[in-house]
Amino acid sequence: MKAIRIHAYGDINQMQLEDAPIPMCGPGDVLVRVVAAGINPIDWKLRSGVMADNLAKTFPFTLGSDAAGVVTAVGGAVSGFSPGDEVFFYAEFARGGTYAEYLAVEATQVALKPRTVSFATAAALPTPGQAAWTALIEVAQCTQGMRVLIHGGAGAVGSLAVQLAKQHGAHVTATAGTADLALVKSLGADEVIDYRTQRFEQVVKNMDVVLDTLGGVTQEASWSTLRAGGLLVATTMPPSPERAAAAGAHGTFVFTPPRGAVLAQLATLVDTGRLRMLVGQEFTLADAPLAHRLGETGKARGKMVLHVCSPDA
Ligand SMILES: NC(=O)c1ccc[n+]([C@@H]2O[C@H](COP(=O)([O-])OP(=O)(O)OC[C@H]3O[C@@H](n4cnc5c(N)ncnc54)[C@H](OP(=O)(O)O)[C@@H]3O)[C@@H](O)[C@H]2O)c1
C-alpha cells in the first residue's frame, strides 16, 4: 500500500510517499481502507520532533491519526463491525498512520461514520471532536447558564466546542479572527471577540469555564477572566497548578485516548443536524507535504483533509 512516512524528525522534506506493508489485523482490530484522512496540528508537531519527549517514535513512522474509511476485515474477537461498514476513527498514536491506504485499529476506537456527510467531512471530526467533547461535556460538565469562553472559535476544536457548549445551554463567548466572526456567531456563539483588534481579557469577566486551544499568552491572560473557583481547560499547553492557584481557579489539560463511544455520540449529533465540521482545503495523499506547509504557516482556513482511496476500491 501507499503511505506517507518519515524516517527521521524534520521538515516537510522528511515526508515520503512510499510503499509500506498493509498492517496485520489483530484479534481486537478492524482493518480499514482509508478513504479520507483528517489533518491535525499534532501531525506536524509529531513530524518535526517537538513532541519527541512525550510521544517518541520509532522509524519509519506513518503520519496521521484521523480517518474515515471502509472496513475490509475484522479480528476474531470483534463483534460490532463487519467488512463493508463505513467507519471513522482517531487512531492511537502508538500505532499511528492514517496517511496510508490501510490501517488496523482497535475496534473500541472506531464508530460508524455519520451517514449524512462525506468521508472527507467525517475525517475532520475525530480528534478535535473528542477533545471538544472531553473538555466541555466530561471535564467542565457544561450545563444550562454556564458562562464559557472558547478561544479559537473558528478552529477545528473551537468550532465544535462552540456548538457543543451551546447545545448544553451555556452562554458562549468565543474569540476568532476578523474574517471568522460571523461564522462563529452562526455556530451559536452569543458573543464574539476579534482577537486581532481586541484584548479579550479587557472585556470578559466572571467566566465559569475557559477552553484554551492556544496556550502561551492567551492562556496567561485567560486566568483573569475566570470567576473564583472557575476552570481553565487546555488542549495545547498544560496549565501550571501554581498559576491556577494564584488565580484562585483550577486548570486541567485534556488528552484522552481514542474512544469509539464518544465518536458514536458525535456522529449522532452530525446526523441530526446539530454538529457541523468546517472542512477547508482538500489534498491528495501525495500532496500531504503541501498541507503540512499550509498548516504550519497558520494560514489554513477550515480543517484540511487528504483523499486517500476510493470508497469502492
Ligand atoms: N489535547 C488534545 O486532545 C487536542 C486535540 C486536538 C487539538 N489539540 C491542540 O489544540 C490546538 C488547536 O487545534 P485545532 O485543530 O483546533 O487548530 P486550528 O484548527 O488550527 O484552530 C486554531 C484557531 O485558533 C485561531 N487563533 C489563532 N490565534 C488566535 C488568538 N490569538 N486568539 C484566538 N484565536 C486564535 C486560528 O484563527 P486564524 O485562522 O485567524 O489564525 C484558528 O481558527 C492545537 O495546538 C492542537 O494541537 C489538542
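Tell me which residues come under 5 Å, amide H to amide H, from Asp85 once H is placed; ignore anything under 5 positions away on its chain.
Val71
Let me check against my output: what whole-number percent is the relative contact order of the chain, with C-alpha pairs under 8 Å and at least 6 apart?
Numbers: 750 pairs, mean separation 61.0, N = 313.
Answer for the chain is 19 percent.
Apply the a/c threshold of 1.5 to the C-alpha gyration tensor of the chain and tell me whether it is rounded, prolate or oblate.
prolate
Run lengths n ≥ 4 of DSSP H only: what is the helix-derived mean residue ellipticity at 222 nm for the chain, with -39500 (n - 2.57) per run over all residues, to the nearest 500?
The helix contribution divided over the chain gives -6500 deg cm²/dmol.
Which one, Thr235, Leu214, Gly169, is farthest towards the positive end of the dipole of the range 128-253 when Lys and Arg carry +1 and Asp and Glu -1 on their Cβ?
Gly169
With +1 assigned to the C-beta of every Lys and Arg and -1 to the C-beta of every Asp and Glu, and no other charges, what is the dipole magnitude of the chain about the Cα centre in debye, to the nearest 20?
500 debye
Can you put Leu294, Leu278 in order, fewest other beta carbons within 10 Å first?
The order, fewest Cβ neighbours first, is Leu294, Leu278.
Could you line up Lys113, Lys2, Lys205 from fewest to most neighbouring Cβ atoms inside 10 Å? Numbers along the way, then the final one.
On the way: Lys113 27, Lys2 16, Lys205 12.
By the 10 Å Cβ count, ascending, the order reads Lys205, Lys2, Lys113.
Based on other C-beta atoms within 10 Å, arrange Asp212, Asp312 from fewest to most.
Listing Asp212, Asp312 from fewest to most nearby Cβ atoms yields Asp312, Asp212.
Using the Karplus equation 6.51 cos²θ - 1.76 cosθ + 1.60 (θ = phi - 60°), what ³J(HN,Hα) coupling, rounded to whole Hz, does each residue of the range 298-313 give in order, writing x for Gly and Pro?
Ordered by residue, 3J(HN,Hα) equals x, 9, 6, 10, x, 6, 8, 9, 9, 8, 10, 10, 6, x, 9, 4 Hz.
Mind listing the long-range amide H neighbours of Ile150? Cut-off is under 5 Å, sequence gap 5 or more, other chains count too, H placed in the peptide plane at 1.01 Å from N.
Thr173, Ala174, Thr175, Leu211
7 Å from Cα along Cα→Cβ at both Gln202 and Lys299: what's the point-to-point distance in nm?
3.0 nm
What are the residues whose amide H is under 5 Å from the amide H of Ala234, where those residues sit 5 or more places off or on another chain and H is modelled from the backbone?
Asp212, Thr252, Phe253, Val254
Write out the GluC sites (Glu not before Pro) in the range 2-105 meeting two conditions: DSSP loop, and at most 16 other Cβ atoms within 10 Å of their Cβ.
When the GluC sites (Glu not before Pro) of the range 2-105 are filtered for loop state and at most 16 Cβ neighbours within 10 Å, Glu92 remain.
Can you work out ³J(HN,Hα) from phi for every residue in the range 99-106, in order, using Karplus 6.51 cos²θ - 1.76 cosθ + 1.60 and θ = phi - 60°, giving whole Hz and x for Gly and Pro?
7, 7, 6, 9, 8, 9, 9, 4
Checking the table Lys205/Lys303; Lys166/Lys299; Lys113/Lys166 against a 25 Å threshold on Cα-Cα, which pairs fail? Each step should come with its number before you reach the end.
Values: Lys205/Lys303 30 Å; Lys166/Lys299 27 Å; Lys113/Lys166 23 Å.
Going by Cα-Cα distance, Lys205/Lys303; Lys166/Lys299 fall outside the 25 Å limit.
Rule-based calculations on the coordinates, nothing more; no lab input. Note that this is a predicted model, so its numbers are computed, not measured. FYI the Cβ positions are ideal-geometry reconstructions off the backbone, even for glycines, and counts take in every protein chain you see.
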